[in-house]
Amino acid sequence: MKKQAPYRQDMVIHYQASHVLTDRLLHSWVRCNRKAWLDRYGNPASRVWSAHRALQLDHQQKSFNELIPNKPGQGIRACQAGAEAVVGVRLKGFGPSNELLEAHPPFLQRVSGTSRWGEFMYRPVIARQGRKLTRDHKLALSLIGLLLEQLQKSPVPNGLVISKAHTGLEHQTISLDKASLQKQLKDSLIKLNADLIRSEPPALTSDRRKCSLCSWRGLCNIEAKATGNLNEVSGIGSKRKQMLHEVGISTVHDLATANPIALSNSLQTFGEQHGQVAPQLVSQAKVQDIGIPKRLNLAPAIPELKKAPGVLLYDIESDPDIHDDFLHGFIRLNRKRNGQWDLNGAKYQPILALHEHGSALCWKRLKRKLTIYKDWPVLHYGETEAISLIRLATKQGANEKELAELRNQLIDIHSRLRLHWLLPLNNYGLKVVANWTGFHWKHKGVDGARALLWWRQWRSAKQEARRKSNQLKWLLQYNQDDCFATWAVAKWLFNQD
Ligand code: SF4
């Protein structure tokens, strides 16, 4: 019997063709067509909270405060009164194809010109998180500009994108009267509308990396697994999925049972690299299909552990938007005389790197620790820690010999795992792999975004509030758990050796 997709039963609250297109729906749609559909029709109970939105709002607020420190006015009355900045306006109007549109501009700035309210007018301002201006930012400004023009009865020639960075407030003016941007908005609204009047949600996005930040990930993960979606196989993105479809492979099971040589020949037509990767994809799919890990390489995965007197487990917490590695967490794990690892005596030793103290002090403290334990391997998961540490050391004038010793001391458990094993998992991130080995984080459902939110909240609180808050404590616990999770994976690998 054909399985019902999960959203067909309890996960959709209602389906009705509604005609209003909003800025929020457009934002979701640009990210993933399916997300817009689920935002409108999905059951809110199926949503998983993500700290990502809270981080965005926090950054947005700080950026707006930096642009105009005075309290903004509220609603249309503030526009009529000519307030310098206005929030809380709801815009309604019509789109280029007569669609009903609605938007809540996060911030309006008074600029010179003429409008129905007098010798001034407004332009939209949005905050950009991340380093690049995206299509999403441009479309958001364009949509708000279109509706604002209808409200203030005066053209909106440009909008402003701002971002609070380490170095101050970054500004970028976007011209809204360009025909190309207006056409993009028109086409996007037509497509968004077409997706929203469907009776079933659009397919899962092919770039499943986006899903880690999406509130619908729980629901979509269930569907991806149930339908054997090819993107569930590590190494298959949208392009490769398309190629596999073209050669008749549609599910994980199809791939798991394919002949690697025949598949390699078929994929070769799309380029040599696709042919070469085919046997690896078949092996990964097979492992996921039957649920049993497969060893790729018989050499020990972490030979350095055999005689190590102890290990340092290392994990960095960062604010990627401003390149700030604010916490370097270490666990000192000693080895007892009988060769056992002394987990009960493991000691967590965090180093907070406040940028007002400067990177020279941070490097001095890190160097001292690494020198004390110079014979101990430093285990970390993923390349971030090694890249950051080497970059910091280079900046602080470490010579070639010191850098070589540092590289030698650092062991990336993720890369050793990938070199030696295939696991029955759809990704090899620390959370997924450590959970699979049986490790559990103390704080359930916490991820890097939530940890970053705790950090930003703690940093922006006043001294007295900081003392009373638990955010730093939770952040340290989370980082400590990341270090222990790294050990859980390393120990699994070591035990297989
Ligand atoms: S979880 Fe992924 S596929 Fe599902 S709606 Fe979100 S981004 Fe789209």
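Here, each number is a calculation from the coordinates, and none is a lab measurement. All of these numbers come straight from a predicted model, not from anything done at the bench. A quick note on method: Cβ atoms are made from the backbone with ideal geometry, for glycine too, and the neighbour counts reach across all protein chains shown.
Observations, loosely collected:
- Overall Cα dimensions of segment 50-196 - principal axes, largest extent first, Å: 40, 39, 27
- Overall form of the chain per C-alpha gyration tensor (a/c, 1.5; a/b vs b/c): oblate
- Relative contact order for the chain: 12 percent, from Cα pairs under 8 Å spaced at least 6 residues apart, divided by residue count.
- Going from the residue with the fewest nearby Cβ atoms within 10 Å to the one with the most, Tyr478, Tyr381, Tyr314 rank Tyr478, Tyr314, Tyr381.
- Measuring nothing but how far apart in sequence close Cα pairs (under 8 Å, 6+ apart) lie, relative to its length, segment 228-292 scores a relative contact order of 35 percent.
- Per-residue ³J(HN,Hα) for segment 70-77, Karplus 6.51 cos²θ - 1.76 cosθ + 1.60, θ = phi - 60°, Hz, x for Gly and Pro: 5, 4, x, x, 10, x, 4, 4
- Database remark: amide H of Tyr122 closer than 5 angstrom to the amide H of Val111 (H placed geometrically; neighbours at sequence offset of 5 or more, or on other chains; Pro and chain starts carry no H).
- Other residues with beta-carbon under 14 Å from the beta-carbon of Ser266 carry, at +1 per Lys or Arg and -1 per Asp or Glu, a net charge of -2.
- Panel order for Phe270, Phe64, by other beta carbons found within 10 Å of each beta carbon, from fewest to most: Phe270, Phe64.
- Cut-off under 5 Å, modelled amide H: who pairs with Val89 long-range: Gly75
- Gyration tensor verdict on segment 283-340 (Cα atoms; rounded if a/c is under 1.5, prolate if a/b is larger than b/c, oblate otherwise): oblate
- Taking the DSSP beta bridges with both ends in the chain, the antiparallel portion is around 75 percent.
- Take the Cα of Asp187, go 7 Å toward its beta carbon, and the backbone nitrogen atoms of segment 116-143 under 15 Å from that spot belong to 135-136, 139.
- Ranking of Trp441, Trp37 by count of other Cβ atoms within 10 Å, fewest first: Trp441, Trp37
- DSSP bridge orientation in segment 50-196 - percent antiparallel, rounded to nearest 5: 80
- Computed about the Cα centre, the dipole magnitude for segment 14-80 is approximately 140 debye when only Lys and Arg (+1) and Asp and Glu (-1) carry charge, each at its Cβ.
- Computed 3J(HN,Hα) for segment 82-90, one whole-Hz value per residue from the Karplus formula 6.51 cos²θ - 1.76 cosθ + 1.60 where θ = phi - 60°, is x, 4, 4, 9, 9, 10, x, 9, 9, glycine and proline marked x.
- Ratio of the Cα radius of gyration of segment 228-292 to 2.2 N^0.38 Å, where N counts its residues: 0.96
- With helices as the sole contributors, the chain gives -14000 deg cm²/dmol at 222 nm; each DSSP H run of n ≥ 4 counts as -39500 (n - 2.57), and the sum is divided by every residue.
- Reachable lysines, given that their alpha-carbon falls under 29 Å from the alpha-carbon of Lys186 and they are not under 8 places away in the same chain: Lys35, Lys92, Lys132, Lys138, Lys153, Lys178, Lys210, Lys239
- Amide H contacts under 5 Å for Asp319, placed H, 5+ residues apart: Asp324, Asp325, Phe326
- Mean separation of Cα contacts under 8 Å (6+ apart) over length of segment 141-287, as relative contact order %: 13
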